[in-house]
Amino acid sequence: MFLALIVSNLLVLFGYWLVCRKDGSYLNWMTPKVALGIPSLFILPYLYTVTFGDSGSLYANVYCFGCYTLEMLLPALAYRWMKFPSFGWGGDRPMIRWAHWITLALAQIIYAPVLLEYKDHIFDPRYIYMATRRGYGLTYFGSAVLLNVAAVLFFFRKKKNRASGWLFWLIVAASTVEHGSKGQLMIFLWIWMLFRIYIDKRPFRFLESARLLLISSAVLVASFVVFGIAQPTEIIEGLSKYADYTRNAARVIDDPDRPTYFGALAIENALYSRIPRAIFPGKPTVFGVFRLTMRYFEASDWEDVGSPDFGIGVPYADFGPFAILYVGAFALFSGGAAKCLIRKLRTDPNPANLLLLAFFSGMPLIPLGIGYALPETVLLSWIVLMLLRFPTIRIISPRRLTVLEDAPEGLVMR
C-alpha cells in the first residue's frame, strides 16, 4: 500500500506540474483538487491504516488509489496536450456596484427563518446543520448558493473600498459558519485565487503560493475544531478518522455478495437529490448512495446525520471493476471543460464563466451533497449573467447628466 501511495502521489504531482508550467503559476485551477485530494484521499487514509489497523484489502486500497490518481492526472493531461475550442458565456467584464451586497442580503433573508427557529443553538452551528438535514433544502442550499454568488460578484466590484470590503467578508464568514459546513469556508479563498490568475492575469509565485496554502491549511484545520470534529490535541487522529472515503469504498469493493446496480445508484442520486422534499413529500428516504449506507451501516449510525461518503464505492457498486472507466471519462471531461473556459475567460472575463470554472476546479458551488450539479451550475451562471445585463436604473437621464457635466464652473444647481 505504501508503494501505491508513493506512485499515485508522484503521478498526481506530475500532472499538477504540467498545469503549473502551462499557466505560469504555482496556483491554478487544479489547486483545489490537488491540495484537498492528496491529504484526504491518500495521506490521511494511509495514516488511519497505520495507526488503527487494516481498513480493507490491498486490492480495494490500490483500486481506490488508482481511481483517485486518474481523477487528478487525466484532467491535467487533457488540459496540457488536448486541443479544445474556446467555449463559455459571452460578455465583457462588468463593473459591479451593488449586486454583491444585494445578493448577500438575499442570502441573509432566506436563512433568517432557520436562525430564528434554532436561536437557542446560534453558537452551535453544527447542531443547526444536523437538525436541518431534512426538510430545509430550499432554505439551506438557497442561502449557501447566494453566498457563493455574492463572493464571485464581489471581485468584479467597481469601487474598492477597504472598510466596505472588510464588512462584506465579515458578514459572509459569519453566515458561512452559521451554515455549519466546513467546505464552504474554503470556497471563497479558491474563487479569489481563480479570479486573480485568470481574470486579473496575476500568477502566483512560489512564496506567495506557499503562504496561501499554509493559510488554507490553517483554516481547514481550524474548521474541524470549530465544528467539534476533532479536538486540538487529537487533530491528526480526528482528521484521519474523518477521511473515510477509502474505508467506505473498501467495504463495497471487498463485499463478496455485493449486488451490481448497473447505474441505478447514479440515476437515483441525480434524480431524487434535485427534488426538494417540500415539493415531493413522498420522496423516498433511501435512494442512491443511501442504499449502500443501509447495507454497510446500522441505521442508528446515519439516519439522523445523513449518508457517509463512499467515494469510489458508488461507481464500483454500479459498474464493478469497470468503474475506473467511468471515473476516467469524467476526469477527461473535467480537464477539457476547464481548458475551454480558461480560453473563454481571456476574451469574456465575466462572473458566469468564473462560476463554471470554479465548478470544474472541484468547488461545490451548489452543495447538494450528492449528484453531479453541472446542469444547476450552468443555469446559475446564466441567471447571474442575465441579471447583470439588466439596464442600469438612473434617477437622472443620460442627457440631463451630460448637460450638468457641461455646465460652466460656478453654476450652482438649487
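Mind checking which residues of the range 19-49 are of a type in the set (A, V, I, L, M) and more than 17 Å from residue 206 (Cβ to Cβ)?
Hits for the range 19-49 are 36, 38, 41, 43, 44, 47.
Among the conditions (1) closer than 20 Å to residue 343 by Cβ; (2) in contact with a helix residue (DSSP H, G or I) (Cβ under 7 Å, 6 or more places away or on another chain), the only one that residue 81 does not satisfy is (2). Would you confirm, using the coordinates I've provided, whether residue 79 is within 18 Å of the chain's Cα centre (by Cα), under 25 Å from residue 213 (Cα atoms), surrounded by 21 or more Cβ atoms within 10 Å (Cβ to Cβ) and not assigned by TED's automatic domain parsing to the domain that holds residue 200? Here the answer is no, as residue 79 does not meet what is asked. When restricted to residues that are assigned by TED's automatic domain parsing to the domain that holds residue 150 and without any contact (Cβ under 8 Å) to a residue 40 or more places away in the chain, the range 351-369 contains 0. Report yes if residue 44 is assigned by TED's automatic domain parsing to the domain that holds residue 310, surrounded by 18 or more Cβ atoms within 10 Å (Cβ to Cβ) and not in a helix (DSSP H, G or I), otherwise no. Spelling it out, it is not the case that residue 44 is assigned by TED's automatic domain parsing to the domain that holds residue 310, surrounded by 18 or more Cβ atoms within 10 Å (Cβ to Cβ) and not in a helix (DSSP H, G or I). Criterion first (at negative phi, modelled with pLDDT of 95 or more and aliphatic (A, V, I, L, M)) does residue 114 satisfy it? Judged against the criteria, residue 114 is not a match. Filtering the range 268-284 to residues that are assigned to a loop (DSSP other than H, G, I, E, B) and in contact (Cβ under 8 Å) with a residue 40 or more places away in the chain leaves 273, 274, 276, 277, 278.
Residue-wise test of (1) out of contact with any Ser or Thr (no Cβ under 7 Å at 6 or more places or on another chain); (2) without any contact (Cβ under 8 Å) to a residue 24 or more places away in the chain; (3) buried (at least 19 other Cβ atoms within 10 Å of the Cβ).
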| site | (1), (2), (3) |
| --- | --- |
| 101 | yes, no, no |
| 104 | yes, no, yes |
| 107 | no, no, yes |
| 127 | yes, no, no |
| 140 | no, no, yes |
| 158 | yes, no, no |
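What's the number of the only condition in (1) polar (S, T, N, Q); (2) outside the structural domain of residue 196 (by TED's automatic domain parsing); (3) modelled with pLDDT of 90 or more that residue 397 fails to meet? Just one mismatch for residue 397, condition (3). Can you name every residue in the range 160-186 that is without any contact (Cβ under 8 Å) to a residue 40 or more places away in the chain and among the hydrophobic types (A, V, I, L, M, F, W, C)? Passing the criteria: 163, 166, 167, 169, 170, 173, 174, 185. Against the numbered list (1) assigned to a helix (DSSP H, G or I); (2) buried (at least 19 other Cβ atoms within 10 Å of the Cβ); (3) of a type outside the set (A, V, I, L, M), residue 29 comes up short only at (1).
The values are calculated or read from the model by the stated rules, or taken from the named source; none is laboratory data. What you see is a predicted model; the values in this text were computed from it and never measured. When we count neighbours, we look across all protein chains shown, and the Cβ atoms used for this are built from the backbone with ideal geometry, even at glycine.
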